[in-house]
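Read the structure below first, then the notes.
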Amino acid sequence: MMRDDKYNLRRFSLEVLCYLLGLLFLIPFYFVLSNSVKSFSDLLSNSASWPQSFVWSNYSRTWEIMNYPRAFMNSFLITVVSIAGIVTISAMAAYRMVRRPTRFNNFLFGLFVSAMIIPFQAVMIPLVKVLGWADLMNSRTGLIISFFGFGASLSIFLFHGFVKSIPLEIEESAIVDGCTPYGVFWRIVFPLLKSATVTIVLLNSLWIWNDFLLPLIVLYDPDKRTIPLAIYAFFGQYSKQWDLALAGLVMGIVPILALFLLLQKQIIAGITAGAIKG
């Protein structure tokens, strides 16, 4: 009986600790949300206090200054096209490496896995030179191609583990029935990679939508700014418009946060399944 009481007490203590940690991680969201509806003077006087009056005009002013519709469409277009390319390229590459385990394919897979540990800062200057040589600087196309390259390593690694779990007999049966190699992949294999695909789409969407450094060094035309770059415009050399910047930050977070909350079960299931199958 005493052992059960100790177990229940320990479990209760762990639950309380988890709730406290959850509240701790929510504190930054409180600061962003509360300060986004304060006047600039109230924000500077006490950023931790609850707003004395809600200044909703911060959002309307931010909408106009950021040219939010244009920034949103730039971010949306770049994210969607990049995700589509990453998923297509990575799935086909991982399938080929698993089903044709030659020395070259194994070596290539090792290179992709090794590339995951290379920091982006180490390849910034070569990237700028290559994009400049290809006349892709200040171009959405150049930015999207860059996302293809940086997003492929992790995506191929995840797809690789899932493809190995698919029985080869299913593909052989499809070939006997007259299915072409491309038909086998797109009609048989790719639908079975749904959980991996959802995981990769969400992880890369969070990264690409919120990425600041890569768009900063590639895009310098104001009409091509993504949401993070548009928010950065509120921080000048001599002034920092925190009230408007925080409102813009909320407007930038909401779309991707809604996507994450909508599909969070699939991403958790996909990562768990990948760990078991890989």
Nearest-ten-degree value, helix 242-262 long axis tilted from longest Cα axis of the chain: 30
Just to be sure I understand: with springs between alpha-carbon atoms less than 10 Å apart, which residue in Thr199, Thr180, Thr141 has the highest mean-square fluctuation in the Gaussian network model of the chain? Thr180
In a Gaussian network model over the chain where Cα atoms closer than 10 Å are linked, find which of Trp207, Trp56, Trp133 has the largest mean-square fluctuation. Trp133
Here the residues of segment 12-43 lying in the modelled label zone of Lys240, meaning backbone nitrogen under 14 Å from a point 7 Å along Cα-to-Cβ, are 43
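When the helices in the chain are scored as -39500 (n - 2.57) per DSSP H run of 4 or longer and the sum is shared across all residues, what 222 nm value do you end up with, to the nearest 500 deg cm²/dmol?
On the way: 13 runs with 203 residues, N = 278.
Rounded to the nearest 500, the figure is -24000 deg cm²/dmol.
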Pairs of Cα atoms under 8 Å, at least six residues apart: use those to get the relative contact order of the chain, whole percent. 30
Using a probe radius of 1.4 Å on heavy atoms only, what accessible surface per residue do you get for the chain? Whole Å² is fine. 61
Round to a whole number: what % of the accessible area of segment 5-139 belongs to carbon and sulfur, probe 1.4 Å? 71
Can you tell which of Val176, Val98, Val80 shows the greatest fluctuation in a Gaussian network model of the chain with Cα springs below 10 Å? Val176
Across segment 124-136, in residue order, what do the Karplus-derived ³J(HN,Hα) couplings come to in whole Hz, using 6.51 cos²θ - 1.76 cosθ + 1.60 with θ = phi - 60° and x for Gly and Pro? 4, 5, x, 4, 4, 5, 5, 5, x, 5, 8, 6, 10
With every protein chain left in place, what is the accessible area of Asp42 in Å² (1.4 Å probe, nearest 10)? 40
Below 30 Å Cα-Cα, how many Lys pairs turn up in the chain? Only count pairs eight or more apart in sequence, or on different chains, if you could. 10
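The values are calculated or read from the model by the stated rules, or taken from the named source; none is laboratory data. The structure displayed is predicted, hence computed values, not measured ones. For neighbour counting, all protein chains shown are included, and Cβ atoms are generated from backbone atoms with ideal geometry for every residue, glycine included. Protein only, heavy atoms only, side chains kept; ligands, DNA and RNA dropped before computing areas. Shrake-Rupley method; radii C 1.70, N 1.55, O 1.52, S 1.80 Å.
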